[in-house]
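Okay, so here's the structure we're looking at.
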Amino acid sequence: MIRLLKLELQKLLLNRWSKVLIFVSFVLPFFVILLSSLKINFFGIFTLELGELGIFNFPIVWHLTTFFAAQFKFFFAIVVVSMIGNEYSNRTLKQNLIDGLSKKEFILSKFYTIVFFSLVSTALIL
């Protein structure tokens, strides 16, 4: 299991766009927390402070946090689709099967990677 997960993570981390999308889907949700301390000054006319508007008060913060977390999951979905699409476009699927990786191991490696990303994402949101 660990071998298959390392194999898939190595393939993903060598791809530049996958690295960017993984960064966006895992790191950018933390910037929602920074919105509470953000002050936007509009040419000295008025200042917008999101923390003072009450959007980070108890009942509303759950809706706001889950909304942003759900939006960033689309980046994770793109990573999963590109992970499988790159196998066919780069013809590495055939090469993996020739090198001794069975079809079951190939599918399990994708599954383990998706489960790993899901667990990490869930742990970061909690």
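The values are calculated or read from the model by the stated rules, or taken from the named source; none is laboratory data. In this text, all values refer to a predicted model and were calculated from it rather than measured experimentally. FYI the Cβ positions are ideal-geometry reconstructions off the backbone, even for glycines, and counts take in every protein chain you see.
Data table
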| read-out | value |
| --- | --- |
| Hey, Phe68 among the aromatic types (Phe, Trp, Tyr), outside any helix (DSSP H, G or I) and more than 19 Å from Lys19 (Cβ to Cβ) or not | no |
| Breaking point among (1) over 15 Å from Gln10 (Cβ atoms); (2) free of Cβ contacts under 8 Å to residues at least 60 places away in the same chain, for Glu87 | (1) |
| Test: residue in segment 64-80 that is exposed (fewer than 14 other Cβ atoms within 10 Å of the Cβ), over 24 Å from the mean Cα position of the chain (by Cα) and either closer than 18 Å to Val115 by Cα or basic (Lys, Arg) (or both) | no |
| Unmet criterion (only one of (1) surrounded by 15 or more Cβ atoms within 10 Å (Cβ to Cβ); (2) farther than 26 Å from Met1 by Cβ; (3) under 16 Å from the mean Cα position of the chain (by Cα)) for Ser18 | (2) |
| Any hit, segment 25-38, residues being surrounded by 11 or more Cβ atoms within 10 Å (Cβ to Cβ), within 23 Å of Ser109 (Cα to Cα) and touching a residue at least 12 places away in the same chain (Cβ under 8 Å) | yes |
| Search result, residues across segment 44-60 that are surrounded by 11 or more Cβ atoms within 10 Å (Cβ to Cβ) and aromatic (Phe, Trp, Tyr) | Phe56 |
| Pairs, first loosely packed, with under 11 Cβ neighbours inside 10 Å in segment 100-124, second not basic (Lys, Arg), C-beta under 8 Å, six or more apart | Lys103/Leu97 |
| Positions within segment 22-52 being basic (Lys, Arg) and either assigned to a helix (DSSP H, G or I) or out of contact with any strand residue (DSSP E or B) (no Cβ under 8 Å at 6 or more places or on another chain) (or both), in sequence order | none |
| Of residues in segment 1-21 being of a type in the set (S, T, N, Q) and assigned to a helix (DSSP H, G or I), the one farthest from Thr66 (Cα to Cα) | Gln10 |
| Unmet requirement for Pro29, which otherwise passes all of (1) modelled with pLDDT under 90; (2) more than 15 Å from the chain's Cα centre (by Cα); (3) of a type outside the set (A, V, I, L, M, F, W, C) | (2) |
